[in-house]
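Shown next, in structure tokens, is the structure this report addresses.
The values are calculated or read from the model by the stated rules, or taken from the named source; none is laboratory data. Keep in mind that this is a model prediction, so the values were computed, not measured. For the accessible areas, the whole protein counts, side chains as well, though only heavy atoms, and no ligand, DNA or RNA atoms are used. Shrake-Rupley method; radii C 1.70, N 1.55, O 1.52, S 1.80 Å.
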Amino acid sequence: QVSVLYFARSAELAGLRSETLSVPREITSLQLWEEIVKVHPRLAVIRDQVVFAVRQEYVLLGDQVLVLQPGDEVAIIPPISGG
């Protein structure tokens, strides 16, 4: 189980700021995103702009394998607009 934290637009779309999800211990970042979208389908609209932070390190969506430990934090960070 990992703690998923939602920020900015991802929190609006998911309708919450955090939750605990059960996911495989070894999973690619893209598979992890797909697991989260199964729970919150509205998040699919930000797929191409989202970045994960796993244990406070940025991870792009793709084939990178993550080895998750129980209680790890996964932050969903959508683009921050500003000038």
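If you average the sequence gap of Cα pairs under 8 Å that are 6 or more apart and divide by the length of region 2-77, what percent do you get for the contact order?
Here the relative contact order equals 44 percent.
Give the long-range amide H neighbours of VAL51: residues separated by 5 or more places, or on another chain, with amide H under 5 Å away, using H modelled in the peptide plane at 1.01 Å from N.
ILE77
Suppose only helical runs count, i.e. DSSP H with n ≥ 4. What mean residue ellipticity at 222 nm does that imply for the chain under -39500 (n - 2.57) per run, divided by all residues and rounded to the nearest 500 deg cm²/dmol? Mind dumping the intermediate values first?
Values: 2 runs with 18 residues, N = 83.
That calculation yields -6000 deg cm²/dmol at 222 nm.
Per the Kirkwood treatment, what hydrodynamic radius in Å, one decimal, follows for the chain from the mean inverse distance over all distinct Cα pairs?
12.6
Calculate, for the chain, the solvent-accessible area per residue in square angstrom, rolling a 1.4 angstrom probe over the heavy atoms of the protein chains.
I get 61 Å² per residue for this part.
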